[in-house]
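The values are calculated or read from the model by the stated rules, or taken from the named source; none is laboratory data. This is a predicted model, so every value here is computed, not measured. In this analysis, Cβ positions are derived from the backbone assuming ideal geometry, glycine residues included, and neighbour counts consider all displayed protein chains. The protein model used for the area step is the full one, side chains on, heavy atoms only, and it has no ligands, DNA or RNA in it. Shrake-Rupley method; radii C 1.70, N 1.55, O 1.52, S 1.80 Å.
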Amino acid sequence: MKKDVKARYLIPASLCLLVLAGLGYYYLFTSFSGGKATSYVYIDRDDNYDSLMVKLKPLASQHGYHAFCTLARHSSLAKNVHTGRYEISPSIGTFTLFRHIKNGMQTSMNLVVPSVRTMQDLAGKLGNKLMLDSTELAQAFTNDTLCKKYGYDTLTISALFIPNTYDIYWNVSLDGFMEYMQKENRKFWDDNRVAKAKRLKLTPIQVTTLASIVDEETNNNKEKPMVAGMYYNRLMFRNEKYPNGMPLQADPTIKFAWKQFELKRVYHKLLFIDSPYNTYRYPGLPPGPIRIPSVAGIDAVLDMVHHDYIYMCAKEDFSGTHNFARTYQEHLDNARRYAVALNRHGIK
């Protein structure tokens, strides 16, 4: 009789436990997502529990959202929300996502550091991709104390950044970001590249500065080693007229000095600007890169073609390549043909 009583209560209780376990599994371990594609939730410094739930709701299934709310409400997440970028795949369970967000187990991202002209441009590009604000980045790039911390100044800080795709966390701090860039820069400037720079009697910053001019002169990667060789010849040229080296006379540095990058022609009147970037007026390299050069540009300098040309002029066919010359008269002939072509096409 007692056995029958036990059985009578044990079976329903067991069924209830099974149902509860099934419901618990359904709510906690089935997919949180309400979509078929992977999405991400971004939690920044201004977020709290309420704003987090607002961000999660459109990404969740109905049962996933309610289960997450229940878990979060009864945990430390209700008072302490970790910043970060969290992946919500179609297969991720509600409890797993809760645990990731609660413990700050975020997903890294691919960050593209582009080859851009100014540090203001870089700050804008990075500010659109990271939790760091573009204004915060722009101020950092003009902060001499911070730049010196990483081995640069405000005129050379662009040399720290090597255009590439990097695996990094979205909520990286300013110092963390700069340290990461410094680590990647040191990896890029390996023994091989440093040895090549030494053979040219240039520092990595000087190589980067020269590469920035080369990149502005041509988009043709095959021609870049030739252009680099021409500017290097000027840089190393010494005679009675040019005891400190022949001026580079690089038009891109004039555009940089005037901050008029859209110029199609650099007229004579523009060459008198009193700027350290005026390579018509001051011999040697400018005080820093005039853009963040490409890896192709840097390697073009390190692997430049050694020749005896000291002049170049854009080709009159507008191919983006150049005519090179050994003598000033040859250069004048090339320049005249190019000027005629510009006038014919009404380019001012």
Check: According to a simple spin-label model (label point 7 Å from Cα along Cα-to-Cβ), what is the distance in nm between Asn220 and Thr70?
Finding: 6.9 nm
Next item on the list: Could you tell me how many degrees, from 0 to 90 and to the nearest 10, lie between the Cα long axis of helix 62-73 and the main elongation axis, the longest principal axis, of the Cα atoms of the chain?
Entry: 90 degrees
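Which of the peptides 141-154, 259-272, 202-215, 112-125 is most tightly packed, and how do the rest follow, going by the mean number of other Cβ atoms within 10 Å of each residue? Before the final figure, lay out each step's value.
Details: 141-154: 14.6, 259-272: 10.9, 202-215: 24.2, 112-125: 17.6.
The densest-packed peptide leads the list: 202-215, 112-125, 141-154, 259-272.
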Check: How large, in percent, is the carbon and sulfur part of the accessible surface of region 205-247 at a probe radius of 1.4 Å?
Finding: 46 percent
Checklist line | Sparse-neighbour loop sites [trypsin sites (Lys or Arg not before Pro); region 154-230; at most 14 other C-beta within 10 Å; DSSP] | finding: Lys201, Lys222
Margin query: Going Cα to Cα from Lys264, which aspartates and glutamates come in below 14 Å? Please leave out same-chain ones fewer than 8 positions away.
Written below: Glu216, Glu217, Asp251, Glu316
Notebook entry, point to check: For region 184-268, what does the alpha-carbon gyration tensor say about shape, rounded, prolate or oblate, given a ≥ b ≥ c as the root eigenvalues, a/c under 1.5 as rounded, and a/b over b/c as prolate?
Noted result: oblate
Notebook entry, point to check: Between Ser89 and Lys201, what is the spin-label point distance in nm, taking each point 7 Å from the Cα along the Cα→C-beta axis?
Noted result: 5.7 nm
Margin query: Which one, Asn323, Met304, Asn343, is farthest towards the positive end of the dipole of region 300-348 when Lys and Arg carry +1 and Asp and Glu -1 on their Cβ?
Written below: Asn343
Check: When the chain is fully extended, how far beyond the present Cα-Cα distance does Ser134 get from Val305, taking 0.36 nm per residue of separation?
Finding: 57.7 nm
Next item on the list: Could you estimate the translational diffusion coefficient of region 197-348 from the Stokes-Einstein equation, with Rh from the Kirkwood formula over C-alpha pairs, at 4 °C and 1.567 mPa s, in whole µm²/s?
Entry: 82 µm²/s
Next item on the list: State, to one decimal in nm, how far the label point of Asp190 lies from the label point of Gln329, with both points 7 Å from Cα in the Cβ direction.
Entry: 4.9 nm
Margin query: Suppose we keep just the alpha-carbon trace of the chain; what are its Rg and Dmax in angstrom?
Written below: 30.4, 121
Notebook entry, point to check: What do the square roots of 5 times the Cα gyration tensor eigenvalues come to for region 150-208, in whole Å, largest first, as semi-axes of the equivalent ellipsoid?
Noted result: 24, 13, 8
Margin query: Can you compute 3J(HN,Hα) from phi for each residue in region 180-197, using the Karplus curve 6.51 cos²θ - 1.76 cosθ + 1.60 with θ = phi - 60°, rounded to whole Hz and x for Gly and Pro?
Written below: 5, 5, 5, 4, 5, 5, 5, 5, 5, 7, 6, 4, 5, 5, 5, 5, 4, 5
Note to self: Could you give each residue of region 273-284 its phi-based ³J(HN,Hα) in whole Hz, using Karplus coefficients 6.51, -1.76, 1.60 with θ = phi - 60°, and x for Gly or Pro?
What the structure shows: 4, 8, 9, x, 8, 7, 7, 7, 9, 10, x, x
Next item on the list: Using packing as a proxy for protection, rank 170-180, 336-346, 34-44 so that the peptide with the highest average count of other Cβ atoms within 10 Å comes first.
Entry: 170-180, 34-44, 336-346
Checklist line | Directionally averaged shadow of region 303-348, computed from the convex hull of its alpha-carbon atoms, nm² | finding: 3.7 nm²
Next item on the list: Averaged over every viewing direction, what's the projected area of the C-alpha convex hull for region 71-114? Give it in nm², one decimal, please.
Entry: 3.9 nm²
Notebook entry, point to check: Short version: ³J(HN,Hα) in whole Hz for each residue of region 146-158, in order, from phi by Karplus 6.51 cos²θ - 1.76 cosθ + 1.60 (θ = phi - 60°), x for Gly and Pro, what are they?
Noted result: 5, 4, 5, 4, 9, x, 9, 10, 5, 8, 10, 4, 4
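Please give me the summed charge of the neighbours of Val266: other residues whose Cβ is under 10 Å from its Cβ, Lys and Arg +1, Asp and Glu -1.
Working: positive: Lys255, Lys264, Arg265, Lys269; negative: Asp251.
Every neighbour counted, the sum reads +3.
In a shell of Cβ-Cβ distance under 14 Å around Ile292, excluding Ile292 itself, what net charge do Lys and Arg (+1) and Asp and Glu (-1) give?
Values: positive: Arg117, Lys125, Arg291; negative: Asp121, Glu184, Asp215, Glu216.
Around Ile292, the charge tally is -1.
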Next item on the list: Working from Cα positions, state the angle (0 to 90°, nearest 10) between the long axis of helix 328-344 and the longest principal axis of the chain.
Entry: 60 degrees
Notebook entry, point to check: Which value, in debye to the nearest 20, gives the size of the charge dipole of the chain about its Cα centre, when Lys and Arg are +1 and Asp and Glu are -1 at the Cβ?
Noted result: 720 debye
